[in-house]
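The values are calculated or read from the model by the stated rules, or taken from the named source; none is laboratory data. Since this is a predicted model, take the numbers as computed values, not measurements. Don't worry about glycine lacking a Cβ; one is built from the backbone with ideal geometry, like all the others, and counts go over all protein chains shown.
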Amino acid sequence: MTRRRKLPPFVECSRSRHGKVRLYFRKKRGLRIRLPSNVGSAAFAETYHAALTGNPLPVAASSRRAVPHSIEALIRSYRATTTDDGNLKAFSNLRPATKAGYVLQMESLRGEHGHRSVAGLDRERVKKLLVPLADKPGAAFSRLKVLRVLVRHAINIGWLNHDPTLRSSARH
């Protein structure tokens, strides 16, 4: 008879349809944050602690350096902000639920388009980033909101001099 390990508070365990065990952090009715599946590992402890304090880390956080002036470098730069800049609120000053939603969208963008150059962002490319979500208007609007935040940050740090998300809508 095997003995089941007791999970830390707010950790949920589920099995995928392929039989893989997945662990998630979820406090009350908040967003689910994916955790590494090895409960005793240092990566689990770090990710769990970050989620518990309201600063969730991506599960597959890469230790490699981001290509300079790429979307991945922009995301890392914005997530490191601690002081408000003009009309843009610093990432560390956001509410936990807002942070979690932003992290989900940013990680989706980073995974699909992190290698692309920020300088190449134009209105057509912004529309292409929204096309996969055309049948999901809420998700498309969330992605557009995060894109606008990232573009404003890129303008503030001097990577862009115009806003390609203006007059872009989640509907096509």
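Answer yes if at least one residue in the stretch 25-37 is modelled with pLDDT under 80, within 17 Å of the chain's Cα centre (by Cα) and under 26 Å from ARG116 (Cα atoms), and no otherwise.
So the first thing to find is which residues in the stretch 25-37 are modelled with pLDDT under 80, and the list is 29-32, 37.
After this cut, where a residue has to be within 17 Å of the chain's Cα centre (by Cα) as well, the list is 30-32.
From the residues that got through so far, the ones that are under 26 Å from ARG116 (Cα atoms) too are none.
No: the stretch 25-37 contains no residue that is modelled with pLDDT under 80, within 17 Å of the chain's Cα centre (by Cα) and under 26 Å from ARG116 (Cα atoms).
For the list (1) without any contact (Cβ under 8 Å) to a residue 24 or more places away in the chain; (2) within 19 Å of ILE155 (Cβ to Cβ); (3) not in a loop (DSSP other than H, G, I, E, B), I need the number of the one condition that GLU46 fails.
Here GLU46 clears every test but (2).
Working only within the stretch 71-107, note down all residues that are modelled with pLDDT under 85 and of a type in the set (Gly, Ala, Ser).
Passing the criteria: only GLY86.
For the stretch 117-163, name all the residues that are surrounded by 20 or more Cβ atoms within 10 Å (Cβ to Cβ) and of a type outside the set (A, V, I, L, M, F, W, C).
Answer for the stretch 117-163, where residues must be surrounded by 20 or more Cβ atoms within 10 Å (Cβ to Cβ) and of a type outside the set (A, V, I, L, M, F, W, C): ARG143, HIS153.
Among the residues of the stretch 69-126, how many are among the charged types (D, E, K, R) and under 14 Å from ARG148 (Cα atoms)?
Just the residues of the stretch 69-126 that are among the charged types (D, E, K, R), to begin with: 72, 76, 79, 84-85, 89, 95, 99, 107, 110, 112, 116, 122-125.
Now drop any that are not under 14 Å from ARG148 (Cα atoms), which leaves 89, 122-123, 125.
Qualifying residue count, the stretch 69-126: 4.
Among the listed residues LEU109, LEU166, LEU160, which satisfies the condition of being part of a helix (DSSP H, G or I) and of a type in the set (A, V, I, L, M, F, W, C)?
Details: LEU166 fails: part of a helix (DSSP H, G or I); LEU160 fails: part of a helix (DSSP H, G or I).
Going through LEU109, LEU166, LEU160 in turn, the sole match is LEU109.
Across the stretch 1-24, which residue is modelled with the highest pLDDT among those that are closer than 23 Å to GLY101 by Cα and exposed (fewer than 10 other Cβ atoms within 10 Å of the Cβ)?
The selected residue is PRO9.
Considering only the stretch 131-171, how many residues are of a type outside the set (Val, Ile, Thr) and over 16 Å from ILE75 (Cα atoms)?
Going residue by residue through the stretch 131-171, those that are of a type outside the set (Val, Ile, Thr) are 132-145, 147-148, 150, 152-154, 156, 158-164, 166-171.
Within this subset, residues satisfying the condition of being over 16 Å from ILE75 (Cα atoms) are 132-141, 161-164, 166-171.
Final tally of qualifying residues: 20.
Can you report the number of residues in the stretch 4-39 which are assigned to a loop (DSSP other than H, G, I, E, B) and of a type in the set (A, V, I, L, M, F, W, C)? Spell out how you get there, then give the answer.
Of the residues in the stretch 4-39, the ones assigned to a loop (DSSP other than H, G, I, E, B) are 4-10, 16-20, 26-32, 36-39.
Subsequent filtering for residues that are of a type in the set (A, V, I, L, M, F, W, C) retains 7, 10, 31, 39.
Looking only at that region, the number is 4.
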